[in-house]
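Novice: Once you've had a glance at the structure underneath, I'll fire off some questions.
Quick note: the coordinates plus some simple rules give every number you see, no bench work behind them. Treat the numbers as computed from the prediction; the structure is a model and nothing was measured. Please note: Cβ atoms are built from the backbone with ideal geometry, for glycine as well, and neighbour counts cover all protein chains shown.
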Amino acid sequence: MDLVATWFKESLIYHLIGYCSKIWHHSFLRRGFIRAGSIILSSRISRGLSAYFHRRFRPRQALVYRLHRKFQIGLIPLKKRISKIIGSSFIWRIASQSKSMGVLFRYLIPLSGFFVFIDELGRNLFGEQSLFGVWDEVYLLLCVILLVFSWIMNKDSRAPATATPLDVPIFLLISVSFFLYLNYSTHPHIGFEGMRSVVQFVLWFYVFSRYLDSDNKLDQMISGLILTGGLLGIHGILQFAAGVETPANWMDAAEGARSVRVFSVVGSPNILGSLLVLIIPITLARVLQSQVTKKQRIFDIALLASMGICLILTLSRGAWLGMAVAMIAFCAVWNPGWIAGMVLAGGITFLIPPIYNRISYMLSPRYFMSSTTGGRLLRYRTGWEMFKNNLWTGVGQGHFGGAVAMNHRDLFPDTFYMDSYWLKTAVEMGMVGLAAWFIVICALFVWSVRAIKTTMDRDIRLVIIGGFAGMMGVLVHNLFENIFEVPYMVIYFWMVAAIVFYNYNRSQFRVV
């Protein structure tokens, strides 16, 4: 290890980084940034924003919490009666003594951290089995049943209710989606599928936020998430080393030489890249935590490196942009001084030939011509025109631009993948649906920033920052891809959101 460190300190890269650091430290630009920052921080607007973002969420004062608690108290007599019946039943006596049932109850929800492997591999192996197509609905239902069952069998009648700042905005989104389905679906069965693709996977936030009630469960969930990202990263690197064949339609014909784009078990480089954008910041957060053991840190660094390399090998420009946004958010909140190093690292990465070719081609006139005649820009223009023609309520959920519409090409022969989840949502749900999503995203952003600003514990704050950065990266990537069309991407996204808000509540209880 010492030999490697000595070699690195004597290398050209180390001296180049040191030289660039000295130039930046004495530069006029740096002094200008510092001066502008001090002016902004001392302004009235800055003080107002600071006061706004330092407001705490008080769960026990929230209307949702009070209603939930009142509902729980009203159900206590029924709960005791059901608990007594279950506890005295023959099935319960057998199940309570079964080790396999104990493992199932303990790991059923944390197992969702490996959702991508179960879903993709299961569809490859059992895709022709009709029952496997509904396994995700069954899984969600089992998780809900487990949470209800755990509450029933909990003998503590004073067990606290749970409330998060996202409960009401997400319920509003579900209500709006249901309203649009009932009133503005030209094809009701397709409208139901479109509504289900929004509602079903958003419901996972409630599952995860109610499941997370201990640090043990939190560690399990984060560990599963990081391990999933690491395994995907390693598998992607192995694919590249093996020279796995890349379909021709993954690269623009005008771009020239084809390159290998890794996709692991996901089947799409863009979705794999987005998944890594979500997981990398929270992995970095755990690496920086002070309570992590040395062996765990080395292991996490190895997984982090594999994820970073795999992200590059996806050749996904949207994922690269999402990662840039995620890392800027992470550095800006945790240590703004790191932004200069990140820009330098990004500049060095840009010199890698495949990355340079992908970015330079996107900025070339050839890309503009290709994209406006039969590519992404043409799709955006078509989607924008449809949005303007159906401004308020859209054309109907599942009726255009996504997987549901593509599965019904007999009814929608002119449909195509929109390559922008937010524009696709605007076309299908109109301003009403877009406004509901906007409220959810604003609540997510505002309360995540408030969680960061009001959390004093270093390690807890790091996890919140990592989760927040990853979510912002995915939301930006959604501008250029249908990321939320993929079920496990939505599930992982809301899993990270639940992790953020559990840590926020945990930090408040520690302070109080």
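Novice: Arrange SER88, SER197, SER83 by Cβ neighbour counts within 10 Å, fewest through most, would you? List each step's numbers first, then the result.
Specialist: On the way: SER88 9, SER197 21, SER83 17.
The most exposed by this proxy come first: SER88, SER83, SER197.
Novice: What net charge do the residues around VAL404 carry, taking every other residue with its C-beta under 10 Å from that of VAL404, with Lys and Arg at +1 and Asp and Glu at -1? Walk me through the numbers before you get to the answer.
Specialist: Values: positive: ARG196; negative: GLU193, GLU428, GLU485.
That works out to -2.
Novice: Given the Cα-Cα distance of ASP219 and PHE445 and 0.36 nm per residue of separation, how much length would full extension add, in nm?
Specialist: 79.0 nm
Novice: Tally Lys/Arg at +1 and Asp/Glu at -1 over every other residue whose Cβ is under 15 Å from the Cβ of SER264; what's the total? Spell out each step's value before the answer.
Specialist: On the way: positive: ARG123, ARG261; negative: ASP119, GLU120, GLU245.
Computed value for this residue: -1.
Novice: So for PHE115, PHE105, fewest C-beta neighbours within 10 Å to most, what's the order?
Specialist: Neighbour counts put them in this order, fewest first: PHE105, PHE115.
Novice: For SER370, SER364, what ranking results if the residue with the fewest other Cβ atoms within 10 Å of its Cβ goes first?
Specialist: Values: SER370 19, SER364 13.
Ascending Cβ contact count within 10 Å gives the list SER364, SER370.
Novice: Turning to a different aspect of this structure: Give me, ordered by chain and number, the residues 5 or more places off PHE400 or on other chains with an amide H under 5 Å from its own placed amide H.
Specialist: Distant-sequence amide H within range of PHE400: ALA405.
Novice: Quick one: net charge around MET418, please, counting Lys, Arg +1 and Asp, Glu -1 for every other residue with C-beta under 12 Å from its C-beta. Let's see the in-between values first.
Specialist: Numbers: positive: ARG376, ARG379, ARG381, LYS424; negative: ASP419, GLU428, GLU481, GLU485.
Taking every Cβ under 12 Å from that of MET418, the sum is 0.
Novice: Under 21 Å from the Cα of LYS99, which lysines turn up, not counting those fewer than eight places away in the same chain?
Specialist: LYS217
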